[in-house]
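Read-outs throughout are calculated quantities, based only on the coordinates presented, and are distinct from any laboratory measurement. Just so it is clear, the model here is predicted, and its values are computed rather than measured. So basically every Cβ, Gly included, is an ideal-geometry build from the backbone, and we count neighbours across all protein chains shown.
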Amino acid sequence: MLSSKLSCVSAKHPVARHYKYLLLLATIFIVAGVITPIVDNKIILVCGFPVSGGAFVFPISFALADVITEVYGYQISRQMIWLLIFGQILCGVFIFTLIKLPAAHVVAQRDIYFNHALQPVMRIVAGGTVIIWFSTFCNIYLLSKWKILLRGRYFLMRCILSSAVGDAICTIMAVFWMYGSDVPLSKLFILMATGYLMKIAYVVVLAFPALAAVVFLKKREGVDAYDNNIKFNPFVFDVGSS
């Protein structure tokens with residue numbers, strides 16, 4: 001179960017407190033991440049250029065990861081990323097099971113549409129867990145390290161730059177995984193470039209409400225995490241572990 005207590009990771013960190021907004025942020029973060037594989041197979045035309053549906057949803061997870069890392073610390077964000085990965089795998093198992101179950105004869109045609117729409121989700125989830133692991137951990141690692149280096153200043157810049165790096169990793173890996181066997185290489189690069197530019201535009205727009213959320217949460221929760229004395233081991237789940 002997600003802990004709402006933050007262990008002491010620096011002199012500025014309270015040892016054990018309950019937070020009002022952490023569960024809400026975690027819920028939105030995980031839901032946005034779980035929805036992404038379902039909508040990622042939808043290709044949308046934006047100004048005549050193809051963009052995957054996930055480009056409109058997943059940046060929300062990145063923005064929330066930045067807010068959570070900035071306010072509550074790397075350890076809490078690490079825990080939420082693992083919960084997101086578990087949620088994606090569980091979603092994939094449910095979809096796979098439902099596709100394999102026999103459909104009622106009265107809705108046989110509808111079942112064909114259902115299977116056709118959701119069958120690619122399994123492939124996306126299979127690769128998506130690895131993609132999310134690399135891109136999101138890279139994002140929060142850079143944000144946390146830069147916070148220490150810059151003494152907590154310039155959140156807006158740190159948020160945009162760390163998300164830009166994470167989104168680049170996510171976009172490259174996701175496009176090759178999902179469309180590498182079906183789309184010509186030249187069109188792959190177009191899809192990659194348009195998707196990345198769309199995400200960056202989204203990141204810049206979301207950075208401003210993220211900054212407002214950070215200011216609000218630091219004031220209301222009375223916490224401002226500095227991850228000075230922890231090890232950034234991504235394979236740990238417990239908040240109190242290094």
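For this structure, a couple of remarks:
- The listed residues are Tyr154, Tyr141, and the only one of them that is of a type in the set (Phe, Trp, Tyr) and at positive phi turns out to be Tyr154.
- Which numbered condition Thr194 fails, given (1) β-branched (Val, Ile, Thr); (2) under 22 Å from Leu156 (Cβ atoms); (3) surrounded by 19 or more Cβ atoms within 10 Å (Cβ to Cβ): (2)
- The lone criterion from (1) in a helix (DSSP H, G or I); (2) over 18 Å from Val93 (Cβ atoms); (3) touching a helix residue (DSSP H, G or I) at 6+ places or on another chain (Cβ under 9 Å) left unmet by Val121 is number (2).
- Residue in region 202-215 that is buried (at least 18 other Cβ atoms within 10 Å of the Cβ) and touching a strand residue (DSSP E or B) at 6+ places or on another chain (Cβ under 6 Å) present: no
- The requirement of being in a helix (DSSP H, G or I) and without any contact (Cβ under 8 Å) to a residue 24 or more places away in the chain is satisfied by Tyr113.
- Options Gly152, Gly166, Gly128; residue that is within 21 Å of Glu70 (Cβ to Cβ) and in a helix (DSSP H, G or I): Gly166
- Looking only at region 130-144, and only at residues there that are without any contact (Cβ under 8 Å) to a residue 60 or more places away in the chain and surrounded by fewer than 17 Cβ atoms within 10 Å (Cβ to Cβ), the one that is nearest to Ile169 (Cα to Cα): Phe134
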